[in-house]
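Take a look at the structure below.
The values are calculated or read from the model by the stated rules, or taken from the named source; none is laboratory data. As the structure is a prediction and not an experimental result, all values here were calculated from the model. Glycine also receives a Cβ, built like all others from the backbone with ideal geometry; neighbour counts cover every protein chain displayed. In case anyone asks, the SASA skips ligands and DNA or RNA and just uses the protein heavy atoms, side chains included. Shrake-Rupley method; radii C 1.70, N 1.55, O 1.52, S 1.80 Å.
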Amino acid sequence: MNLKQLLHHFTNELIAIYDEQEIISIFNITVEHISGFNRSQLMLNADAEIEDVKYNEYLLALSRLKTGEPLQYVIGDTVFYGLTFKVSGAVLIPRPETEELVDWVIERCGSDQSKTLKNGSILDIGTGSGCIAISLKKNLDNFKVSAIDVSESALAIASENAQLNNAEINFIHADILSYKSTEMYDVIVSNPPYITMEEQKAMHKNVLENEPHLALFVSNEEPLIFYEAIAEFALRNLNENGLLCFEINEYLGKETVQMLYDKSFINIELRKDMQGKDRMVLASGMKLRNDSF
């Protein structure tokens, strides 16, 4: 079988799950992963016979894709903010909207107005694959970056990604709902679990069956539980004029802003993502500092 025939086989097998353009994109990425051909090379080699070992790899990948398993888990990596990250079912697949959060943090930390933050320290809470922490370190090299996660499996992946991208990160195994520290930070950033159980009903099957629920869901009764815990941590552990940065639930932008205001944060900004959804919040400084914790 050649690659042209294999694309036809992929299409027949996956058409019940994906549309034809998605299948072509999945196939192109799979070919690059297994055979090392980019799109131009794929066209040049479309009629060449596939060697048996690689053909078996394609069939194994296809069998996993047919179950709805995300392509990123099947090939074992993805690209985020121009960097390659290994991923598995232990971590969420990094999303484009999270790149926008990283971009905003870099913009703020690198601006002339943020000279006090240069050579500072960053804490990423709920790091997962390490995509936020590592991307920030690669673009803000003078900053010392630490990252927390409650999952040891996630931290193992994140540590591997730090080595892969030559980024020095201090990883901490901890649950932010109970974590206490005397360490102070200039930037605290987080993309914590924020999808309510009610919203879960509308989610795609391949997300529900493959991505870690620990990193996704919160109860309907306490949708901001992690944001409140992180904000309380920031009250104790964020340096003066520091930044608190969140990716948020698109339906809870106003509630998140109000929570931060109630906890005495100021300069609170709510920003939409490229799809026009409330997606990021940034706060800097506090109206007062409570040192009685």
Problem set entry | Residue, least open to solvent (accessible area, probe 1.4 Å), within region 257-275, restricted to residues that are touching an Asp or Glu at 6+ places or on another chain (Cβ under 9 Å) and not in a helix (DSSP H, G or I) | 273
For this session: Identify all residues within region 268-290 that are within 14 Å of residue 187 (Cβ to Cβ) and modelled with pLDDT under 95; write none if there are none.
Result: 284, 285
For this session: Search region 142-161 for residues that are on the phi < 0 side of the Ramachandran plot and pair each with any residue that is basic (Lys, Arg) and open to solvent by 60 Å² or more (accessible area, probe 1.4 Å) when their beta-carbon atoms are under 9 Å apart and the residues are at least 6 apart or on different chains.
Result: 142/118; 143/118; 157/86; 160/86; 161/86
For this session: State which residue pairs qualify: first residue under 11 Å from residue 65 (Cβ atoms) and inside region 14-42, second residue outside any helix (DSSP H, G or I) in any location, beta carbons under 7 Å apart, and separation of 6 or more residues or different chains.
Result: 17/68; 23/15; 26/18
For this session: Determine if region 57-71 includes at least one residue that is of a type outside the set (A, V, I, L, M), under 29 Å from residue 165 (Cβ atoms), assigned to a helix (DSSP H, G or I) and open to solvent by 50 Å² or more (accessible area, probe 1.4 Å).
Result: yes
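Listed residues 41, 5, 113; which is at pLDDT below 95 and open to solvent by 80 Å² or more (accessible area, probe 1.4 Å)? Spell out the reasoning first.
Working: 41 fails: open to solvent by 80 Å² or more (accessible area, probe 1.4 Å); 5 fails: at pLDDT below 95.
Result: 113 is the single residue among 41, 5, 113 that is at pLDDT below 95 and open to solvent by 80 Å² or more (accessible area, probe 1.4 Å).
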Seminar exercise, completed: Filtering region 121-138 down to residues that are open to solvent by 10 Å² or more (accessible area, probe 1.4 Å) and over 11 Å from the mean Cα position of the chain (by Cα) yields 121, 137, 138
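Sort out which residues of region 224-245 are of a type in the set (Asp, Glu) and at pLDDT 95 or above, and write them in order of number.
228, 232
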Exercise. Among the residues of region 78-92, is there at least one that is over 15 Å from the mean Cα position of the chain (by Cα), open to solvent by less than 10 Å² (accessible area, probe 1.4 Å) and under 27 Å from residue 283 (Cα atoms)?
Worked result: no
For this session: Scan region 217-239 and report the pairs whose first residue is within 11 Å of residue 256 (Cα to Cα) and of a type in the set (Gly, Ala, Ser) and whose second residue is open to solvent by 20 Å² or more (accessible area, probe 1.4 Å) and not in a strand (DSSP E or B), with Cβ atoms within less than 7 Å and a gap of 6+ or a chain change.
Result: 231/263
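Report the residue count in region 12-54 for those that are under 22 Å from residue 78 (Cα atoms) and part of a helix (DSSP H, G or I).
Of the residues in region 12-54, 21 are under 22 Å from residue 78 (Cα atoms) and part of a helix (DSSP H, G or I).
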Problem set entry | Residue selected from region 93-104 under the condition open to solvent by less than 40 Å² (accessible area, probe 1.4 Å) and in a loop (DSSP other than H, G, I, E, B), by the criterion modelled with the lowest pLDDT | 93
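Looking at residue 181, is it of a type in the set (S, T, N, Q) and either closer than 21 Å to residue 226 by Cβ or not in a loop (DSSP other than H, G, I, E, B) (or both)? Give the steps one after another, and end with the answer.
Numbers: of a type in the set (S, T, N, Q): yes; either closer than 21 Å to residue 226 by Cβ or not in a loop (DSSP other than H, G, I, E, B) (or both): yes.
Yes; evaluated as a whole, the condition is true for this residue.
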For this session: Identify all residues within region 44-56 that are farther than 16 Å from residue 4 by Cβ and either polar (S, T, N, Q) or surrounded by 11 or more Cβ atoms within 10 Å (Cβ to Cβ) (or both); write none if there are none.
Result: 56
Exercise. For residues in region 206-223 being among the charged types (D, E, K, R) and modelled with pLDDT under 65, which is most open to solvent (accessible area, probe 1.4 Å)?
Worked result: 209
For this session: Output the residue which, of all residues in region 154-176 that are open to solvent by 70 Å² or more (accessible area, probe 1.4 Å) and in a helix (DSSP H, G or I), is farthest from residue 86 (Cα to Cα).
Result: 163
